[in-house]
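The next block holds one structure in the form of structure tokens; read it before the comments.
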Amino acid sequence: MDLSAGQQKALFAVIVVVLAGLGIFLITSHGSRQPTASRPPSSPAQAAGSPSAVPSPTGAAGNASVNIYQWLPFTQPDLARAAAVTTQVTTDYNTFTYTQSAASYVAQMNGLITSQLSQTLQNGFSTLGVAQARTSQKQVSTGSATIDSIRTFGSSSITFVVTATQKLTGTQGGHTSSAQYAVTVSGQGESWQVYDIEPAGAGNT
């Protein structure tokens, strides 16, 4: 049976509506499906690997007991000996009595200072004005010393920054004072001698 033009248009419209409805049904029915349960995402820690899978740190970063002396030109006993000589000499440097001669003053440091420094200290102790004041005021001095830091070091020398304390008594009364010195020792192993003492602000030459 032949359809008229109007009937053909009506049939076409019905087909379009049916197809549109079918498409909507398919889309909505697909969207309403429950998604398949998926594996929950791993935690950041799991993503990075379990603790057993993380390699343990190696080298210096993982070693809390790094031996710094492998990078220095002296051993730990060497440094301890050099420090002990430095402390003793700085203590003796500020320890004296008005009854002493320059020779006896320097003698208390024998073996711990170089011959050149020995002569320099003896000359300083004998300086006329200083010696007269020490004798007339009957000065007695007791020294002590504490190492603050290492300023520089080389293959056979170390310069320490030392705080020296002097307790001075005499006929003019008494007082305690402190000053910082740069004290340089030279040597190696267990054999160290001080060869220079200067105010820390002046450095060592």
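Within region 72-199, antiparallel bridges make up roughly 95 percent of the DSSP beta bridges whose residues both belong there. Computed from the Cα positions only, the extents of region 63-205 along the three principal axes stand at 60, 29, 24 Å, in decreasing order.
Peptides 124-136, 177-189, 98-110 ranked from most to least packed by the mean count of surrounding Cβ atoms within 10 Å: 177-189, 98-110, 124-136.
Just so you know, all these numbers are worked out from the coordinates, no wet-lab data involved. Fair warning: this is a prediction, and the values are worked out from it, not measured in the lab. Note that we place each Cβ from the backbone using ideal geometry, even for glycine, and neighbour counts take in every protein chain shown.
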